[in-house]
Amino acid sequence: MSSQPDIRVFPDLLSLSRAAAAEFVELAQQAVQARGLFTVALSGGFTPETLYSLLADDPQLYSAVAWEKVHFFFSDERHVPPDHPDSNYGMVHRSLLSKIPAPPGNAHRMVTELSDAGLVADQCEQVLREFFRLRPGEFPGFDLVLLGLGGEGHTASLFPGSEALHETKRLAVATWVKTLEAWRITLTLPVLNNASEVAFLVSGTEKAEALRNVLEGSFDPDLWPAQAVQPISGQPVFFVDQDAAKLLRVP
């Protein structure tokens with residue numbers, strides 16, 4: 001990566017998640033104090049579920065956030081209905097949203113029950129433009145974007161070789177993932193990189209090689225898409241466990 005990322009290594013997934021939860025709480029408090037609301041784009045997958053459960057179930061963390069002032073968006077989504085087992089929204093709803101006093105309207109899910117993934121992306125873009133009151137050419141400024149890392153280097157639903165990696169104007173796009181034989185809807189790199197903070201949550205031995213290539217390999221975002229996440233506000237933060245960090249030169 002061209003800028004030096006902030007790499008924070010923890011013994012295991014739980015300690016990683018506790019640190020990420022503390023970061024979430026601190027950023028939420030700062031944003032609410034400064035502007036009266038906190039905007040976050042959530043990631044799906046296995047790793048962040050522990051973070052979401054901690055925020056909802058740990059009394060100290062739960063009570064530290066003004067949940068009614070938090071607005072939730074999604075960095076990407078699978079093209080499945082919200083009650084489908086693979087739905088990112090469904091996982092977040094079970095682990096977090098159903099347990100906190102945030103108004104239902106604060107969860108801006110992608111309307112994935114639409115039959116055309118392109119229409120889902122269009123609707124997502126319209127919601128973002130209206131919520132953030134964007135003028136033409138502007139991108140939303142999330143307070144926090146949470147991302148994961150796939151074993152082949154993808155993040156959000158930006159996969160190796162995807163045309164979506166080169167999108168410069170759209171806020172959200174539909175992308176066909178050939179290896180999965182499935183449509184995904186993802187926020188674009190200009191949106192991710194316009195956030196005040198971008199945090200990767202990476203755990204497990206199966207992510208070690210990808211993490212090493214993303215952080216220490218030659219810069220080739222078509223091959224390792226997570227390398228293209230370069231926030232204009234500064235370096236991304238990586239919350240990683242020891243299993244994922246085991247191949248790094250300086251873990």
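No value in this document is a laboratory result; all are computed from the given coordinates. Fair warning: this is a prediction, and the values are worked out from it, not measured in the lab. As a convention, Cβ positions derive from the backbone with ideal geometry for all residues, glycine included, and neighbour counts pool all protein chains shown.
Return the single residue from Asp241, Asp76, Asp12 with maximal mean-square fluctuation; model: Gaussian network over the chain, springs between Cα atoms under 10 Å. Its mean-square fluctuation being the largest, the pick is Asp12.
Over all other residues within a Cβ to Cβ distance under 12 Å of Leu187, the charged ones net out to -2, with Lys and Arg as +1 and Asp and Glu as -1.
Take every pair of alpha-carbon atoms less than 8 Å apart whose residues are at least six positions apart; their mean separation over the length of the chain yields a relative contact order of 25 percent. A Gaussian network model of the chain, with springs between Cα atoms under 10 Å, assigns the largest mean-square fluctuation among Thr179, Thr47, Thr168 to Thr179. Coupling constants for the range 169-177 follow from the phi torsions by the Karplus curve (6.51 cos²θ - 1.76 cosθ + 1.60, θ = phi - 60°), and in residue order they are 10, 6, 8, 8, 9, 8, 9, 8, 9 Hz; glycine and proline get x. Over the range 11-101, Cα pairs under 8 Å with separation of 6+ residues give a relative contact order of 32 percent. Each residue of the range 87-98 was assigned a 3J(HN,Hα) from its phi angle through the Karplus curve 6.51 cos²θ - 1.76 cosθ + 1.60 (θ = phi - 60°); the sequence is 5, 4, 4, x, 5, 5, 5, 5, 8, 9, 4, 6 Hz, with glycine and proline shown as x. Build a GNM of the chain with springs between Cα atoms under 10 Å: which of Lys207, Lys178, Lys99 gets the top mean-square fluctuation? In this elastic network of the chain, the residue with the biggest mean-square fluctuation among Lys207, Lys178, Lys99 is Lys178. Coupling constants for the range 217-229 follow from the phi torsions by the Karplus curve (6.51 cos²θ - 1.76 cosθ + 1.60, θ = phi - 60°), and in residue order they are x, 4, 6, 8, x, 5, 8, 10, x, 4, 5, 7, 7 Hz; glycine and proline get x.
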